[in-house]
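The values are calculated or read from the model by the stated rules, or taken from the named source; none is laboratory data. Just so you know, these numbers come straight off a predicted model, no measurement behind them. Cβ sites come from the backbone with ideal geometry, for glycine too, and all protein chains shown count toward neighbours. Ligands, DNA and RNA are stripped out before the accessible areas are found, and what is left, the full protein with its side chains, is counted by its heavy atoms. Shrake-Rupley method; radii C 1.70, N 1.55, O 1.52, S 1.80 Å.
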Amino acid sequence: MFAIVEAAGWPIWLLIVSSVIAVALIAERLMFLRNKTVVPPELLNQVVKELGQHGVTDTMLARLATHSPLGRIFAAGLKNVKSSPEVMKDSIEEAGRATANELERFLTTLGTIAAISPLLGLFGTVVGMIEIFGSQTAAGNTPAILAHGISVALYNTAFGLIVAVPSMIFYRHFRAKVDTLIIEMEQQAIKLVEIVHGERQG
């Protein structure tokens, strides 16, 4: 591996740093963007049951606020449980926007890495070509410098694509996942509002 890095020249380090960041972001988002973590399936039923038994309490709101993203949305709505459905929905929408921003965290960085990795590979290719042309002398080409320039060009091009393709795949996957989770949270929150105000049975 070190021999490949050495053959690829200094431009490869830009891609190595990008790949490390991309892997870290992908691992973090895979852990965070799980359905059971963001939208626990039994949370709505638990909240409705507790409302029927004890009503809205400070302890319940504090627990929901730290439970999950969906729990924070429920807590924001239940703080205004005595208000009209419109006020309750407005508070839920405000909390939902903040939660959506949290779900989208780091995705811009991952998308940027996916976009610039081929350009970094192209930059390495250009550096390699410069070394090739720089090896031209009146006596002809210097074989060692010529070979090194070709290595720099090819390795950087390949590694740029190796970093870009998985990054783009996971970026697209996470974007779709976030959209799905946001829709699910909206549906759950609407159900809660309708149940609290007697417009829907639990």
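Sub-7 Å Cβ pairs linking a first residue in segment 11-26 that is closer than 14 Å to GLY111 by Cα to a second residue that is among the aromatic types (Phe, Trp, Tyr) and outside any helix (DSSP H, G or I), at least 6 apart or interchain, are LEU25/PHE106, ordered by first then second residue.
Looking at this structure, is PHE106 closer than 20 Å to ILE182 by Cα and modelled with pLDDT of 85 or more? Break it down stepwise before answering.
Values: closer than 20 Å to ILE182 by Cα: yes; modelled with pLDDT of 85 or more: yes.
Yes: the conditions hold for PHE106.
Taking the conditions exactly as written (closer than 22 Å to MET185 by Cα and either aliphatic (A, V, I, L, M) or under 26 Å from the mean Cα position of the chain (by Cα) (or both)), does PRO41 satisfy them or not? Walk me through how you get there before you give the answer.
Details: closer than 22 Å to MET185 by Cα: yes; either aliphatic (A, V, I, L, M) or under 26 Å from the mean Cα position of the chain (by Cα) (or both): yes.
Judged against the criteria, PRO41 is a match.
In segment 76-98, the qualifying residues are those that are within 18 Å of ILE183 (Cβ to Cβ) and in contact (Cβ under 8 Å) with a residue 60 or more places away in the chain, and the one that is surrounded by the fewest Cβ atoms within 10 Å (Cβ to Cβ) is LYS89. Between ALA147, ALA138, ALA158, ALA153, the distinction of being at pLDDT 85 or above and of a type outside the set (Val, Ile, Thr) belongs to ALA158 only.
The requirement of being at pLDDT 95 or above and either more than 34 Å from the chain's Cα centre (by Cα) or exposed (fewer than 15 other Cβ atoms within 10 Å of the Cβ) (or both) is satisfied by ILE169.
Contact annotation: residue pairs with Cβ atoms under 6 Å, 6 or more positions apart or on different chains, pairing a residue in segment 156-183 that is part of a helix (DSSP H, G or I) with a partner that is of a type in the set (D, E, K, R), are PHE174/ARG29; VAL178/GLU104.
Per-residue answers, yes or no, for (1) open to solvent by 80 Å² or more (accessible area, probe 1.4 Å); (2) within 21 Å of ALA98 (Cα to Cα); (3) modelled with pLDDT under 90; (4) in contact with a Phe, Trp or Tyr (Cβ under 8 Å, 6 or more places away or on another chain):
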position	(1), (2), (3), (4)
ALA3	no, no, yes, no
GLU6	yes, no, yes, no
ILE12	no, no, yes, yes
LEU25	no, yes, no, yes
MET31	yes, yes, no, no
PRO40	no, yes, no, no
LEU43	no, yes, no, yes
LEU51	no, no, yes, no
LEU70	no, yes, no, no
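Is it true that some residue in segment 33-52 is out of contact with any Gly (no Cβ under 6 Å at 6 or more places or on another chain) and more than 26 Å from GLU194 (Cα to Cα)? The answer is yes; a qualifying residue exists.
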